[in-house]
Amino acid sequence: MQNRIVMLADFDYFYAQCEELRDPAIKDKPIVVGVYSGRTEESGAVSTSNYVARKYAVKSGMPLFLAKRKLEGTDAVFFHVDHEYYDQISDRIMQIFRGYATSLEQVSVDEAYLDVTEQVEGSFEKAREYAQKIKADVKTQVGISFTIGVGPNKLVAKIACDSQKPDGLTIVRPEEARFFLAPLDVDRLLGVGKKTMVRMEQMGIKTIGDLAKYDCQRLIEVFGKVIGIYFHNAANAVDNEAVVEQGEAESISRIGTLKQDTRDLEFILQKTTELTADVYREVSEKNLSFKTVAIYMVMVDLSSKTRSITLEQPAKSKAAIETNVRLLFEKYLAESTLEIRRVGVKVSGFSREEPKQKQLSSFFQSI
DNA sequence: CACCCATGTCGAC
DNA sequence: TTACGGTCGACATGGGTG
Ligand SMILES: Nc1ccn([C@H]2C[C@H](O)[C@@H](COP(=O)(O)OP(=O)(O)OP(=O)(O)O)O2)c(=O)n1
């Protein structure tokens, strides 16, 4: 694990680029890919947008009505997310990546780490040409552009990647890594978002360089042992995490927005029945048993709650999800007053154990 | 103590 | 006088058990 060379490949404005690939005629227009909640015709949020739309300050996660307002007067095009299509394209690219790396760690639909130490014989010089070759290959075969960051570990590769996109290639050598990170704001580190940045600011930490100098013991006191040490190491460009194949998902969930805000149990269960059916289909396709069933609620004020129950035995039937979801909602509704906007169903604690005796229904369903 | 459970927070994408 | 997605994982905390 000495002197590794790690790449992070991140597809450019991915969902929106997929839409451009499907219909190149729209390439010069602002493109927004949205998740539509179904509450009203236009309610939902931005999943991503192309760089033309980004010039108008459209951002991932933004409510669609805001994106529409910002793009008023342009010939912007809006799409509903089409995960099947994006997954297909992603799978083809990931397959190509496999041929270029000793190990591949796919971290999302559009991001993967490649350990290419052997392929480039430990040389960052060769890594540049190698990265260009991968980019050209994918561009030719699939037609998608992406950005590559190269570094001595995953952490540095990630930040290198973020530093120049789209269609970028940034290489940070081990001896440069600390100096490369030092001037950047702390939120460039994986795991530092808005809340943590504010806390760090109050501690007088603004840049990664500030964090690197900060007393490690103090960090542990403030953030806990695991995260404190992680922050200390990360700020010093130290990261020994190997590039490893991702295992199977540890939870499967579905969440949806209700047509109206409500506290009515039957109205809620009508929605969770659909969600449960979806969760169940995926669980049974993968032939998984689960041990924990959870519900999720988002209130009108956008605050959220979860409730969960761990079963005595692993289960695998739809009924096992449904009855527990009902139980959990009955219990929760009795102890709160806020109206509910969105609800979710989640199962976790997977195994391939067969439920012991009883639950004949699941036996028959599995035939 | 080690491990499990329930819940919450935060963050990434 | 509005209006705002979905899915996943890591970790902390505070309770329990053997
Ligand atoms: N809040 C978010 C962020 C991202 N995504 C989805 C849509 C993106 O296309 C994909 C990848 O996310 P990235 O953060 O990598 O962003 P993009 O690939 O869209 O843009 P960039 O070119 O900045 O990487 O994940 C999402 O649904 N919701």
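What follows draws every value from the coordinates through simple rules; no lab data is involved. Note that the coordinates shown come from a computational prediction; the quantities given were computed from them, not determined experimentally. Neighbour counts are summed over all protein chains in view; Cβ atoms, including those assigned to glycine, are modelled from backbone coordinates with ideal geometry.
Could you compute Rg(Cα) / (2.2 N^0.38 Å) for the stretch A:155-304, with N its residue count?
1.45
Per residue and in Å³, how big is the convex hull formed by the alpha-carbon atoms of the stretch A:182-235?
In the stretch A:182-235, the Cα hull volume divided by residue count equals 63 Å³.
Quickly rank A:333-341, A:7-15 as a protection proxy: mean count of other C-beta atoms within 10 Å, highest first. Show your work: numbers first, answer last.
Working: A:333-341: 13.4, A:7-15: 24.0.
Packing proxy ranking, top to bottom: A:7-15, A:333-341.
Given 25 °C and 0.890 mPa s, compute D for chain A with the Stokes-Einstein relation, Rh being the Kirkwood radius over Cα pairs; round to the nearest whole µm²/s.
105 µm²/s
What residues qualify as long-range amide H neighbours of residue A:173, i.e. H under 5 Å apart, gap of 5 or more or another chain, H built at 1.01 Å from N?
Amide H to amide H, under 5 Å and 5 or more residues apart or across chains, residue A:173 pairs with nothing.
Non-local amide H neighbours of residue A:258 (under 5 Å, H modeled in plane, Pro and chain starts lacking H): which ones?
A:342, A:343
Please sort through the DSSP H helices of chain A and keep those with an alpha-carbon extent of at least 20 Å along the long axis and a Kyte-Doolittle average not below -1.0.
A:83-98, A:265-285, A:318-333
Report the relative contact order of the stretch A:251-366, percent, no decimals, based on alpha-carbon pairs under 8 angstrom and at least 6 residues apart.
This gives 41 percent for the stretch A:251-366.
Show me the ranking of peptides A:112-119, A:60-67 by mean Cβ neighbours inside 10 Å, starting with the highest.
Ranking, from highest mean packing down: A:112-119, A:60-67.
Report P(r) for the stretch A:15-84: all Cα-Cα distances, bin width 10 Å, range 0 to the bin holding the largest distance, values in whole percent.
Whole-percent P(r) values from 0 Å outward: 23, 57, 20, 0.
Express in % the proportion of alpha carbon pairs of the stretch A:251-366 at distances exceeding 25 Å.
21 percent
Going by how many other beta carbons lie within 10 Å of each one, how would you line up A:26, A:93, fewest first?
The order, fewest Cβ neighbours first, is A:26, A:93.
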